[in-house]
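Everything below concerns the one structure shown next.
The values are calculated or read from the model by the stated rules, or taken from the named source; none is laboratory data. Everything numeric in this text was worked out from a predicted model, so none of it was measured. Here the Cβ is made from the backbone with ideal geometry for all residues, glycine too, and neighbour counts use every protein chain on show. All accessible areas refer to the heavy atoms of the entire protein, side chains included, with ligands and DNA or RNA removed. Shrake-Rupley method; radii C 1.70, N 1.55, O 1.52, S 1.80 Å.
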Amino acid sequence: MLVGYMRVSSDGDRQVLDLQRDALLAVGVDERHLFKDHASGSRGERAGLAKALAFVRPGDCLVVWKLDRLGRSLPHLLTTVNDLKTRGIAFRSLTEQMDTSTPQGEFLFHVFGALAQFERSLIQERVQAGLTAARRRGRRGGRPVAIDAEKLGAVITALDGGATKAVVCRTFGIKRSTLIDSLARIGWSAGLKMQGGISDTPTATDQDTDRHAASLLGRTP
């Protein structure tokens, strides 16, 4: 059985959809076995494609008008066609005249796979060369520091002065998770400064202390 899949980027691409439909019907795809999507090729989730892949059975052939109608990238295209092959389903693209059920089509598909691997190798090589060049200039890769040293120093001063984490986050515009991670990285702890365990829920006394700490920073809590 031939199963057709069509895709256009928007509802306004009516002519392109009609062109694909006519081409698929001309090679013998039944109208009842056509699936379509109105979605950009960059989108990972496409309901029509998912239905088409669930509908095809071993011995069937999934047919598209053009390769870019199926895959959002060469790696995605190769992965999809390989999955079909594993399930015993052929793939055919009319414009490129690729048919994995023929020796010529199988060979062309392997060429595409080799090109994709070559592309991945080039990308890895460029990344490694860039990291090496950056290290020679004294720069290191990885995530940038969320709080710079100057701001972190002011934060610690406020905390040492009695401000709670809550008021520090509001005053400096810092996310709570970022503050906790930054403090953990430098080993700061309020455990020795507070009795009865650590508490970040401000009490009336805490709020007075926070106002005092914030006033030292020239900010309003």
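Would you mind telling me which numbered condition in (1) open to solvent by 30 Å² or more (accessible area, probe 1.4 Å); (2) under 20 Å from Ser9 (Cα atoms); (3) not in a helix (DSSP H, G or I) Asp68 fails?
(3)
Please indicate, with yes or no, whether at least one residue in the stretch 39-61 is open to solvent by 70 Å² or more (accessible area, probe 1.4 Å), closer than 21 Å to Thr100 by Cβ and in a loop (DSSP other than H, G, I, E, B).
Yes, that holds for at least one residue.
His76 passes all but one of (1) at pLDDT 85 or above; (2) farther than 10 Å from Gly4 by Cα; (3) open to solvent by less than 50 Å² (accessible area, probe 1.4 Å); (4) within 27 Å of the chain's Cα centre (by Cα); which number fails?
The number of the failed condition is (1).
Do you know which residues across the stretch 148-196 are open to solvent by 40 Å² or more (accessible area, probe 1.4 Å), in a loop (DSSP other than H, G, I, E, B) and either β-branched (Val, Ile, Thr) or modelled with pLDDT under 85 (or both)?
If the condition is that a residue be open to solvent by 40 Å² or more (accessible area, probe 1.4 Å), in a loop (DSSP other than H, G, I, E, B) and either β-branched (Val, Ile, Thr) or modelled with pLDDT under 85 (or both), then Asp148, Gly161, Gly187, Trp188, Ser189, Leu192, Lys193, Met194, Gln195, Gly196 are the ones that fit.
When you look at Val3, is it surrounded by 13 or more Cβ atoms within 10 Å (Cβ to Cβ), β-branched (Val, Ile, Thr), in contact with a Gly (Cβ under 8 Å, 6 or more places away or on another chain) and in a strand (DSSP E or B), yes or no?
When the stated conditions are applied, Val3 does not pass them.
Say whether the condition of being among the acidic types (Asp, Glu), at pLDDT 70 or above and either over 30 Å from Ala90 (Cα atoms) or open to solvent by less than 40 Å² (accessible area, probe 1.4 Å) (or both) is met by at least one residue in the stretch 197-208.
The answer is no, given that none of the residues of the stretch 197-208 is among the acidic types (Asp, Glu), at pLDDT 70 or above and either over 30 Å from Ala90 (Cα atoms) or open to solvent by less than 40 Å² (accessible area, probe 1.4 Å) (or both).
Please determine whether any residue of the stretch 89-97 is modelled with pLDDT of 80 or more and surrounded by fewer than 12 Cβ atoms within 10 Å (Cβ to Cβ).
Scanning the stretch 89-97, I find at least one residue that is modelled with pLDDT of 80 or more and surrounded by fewer than 12 Cβ atoms within 10 Å (Cβ to Cβ), so the answer is yes.
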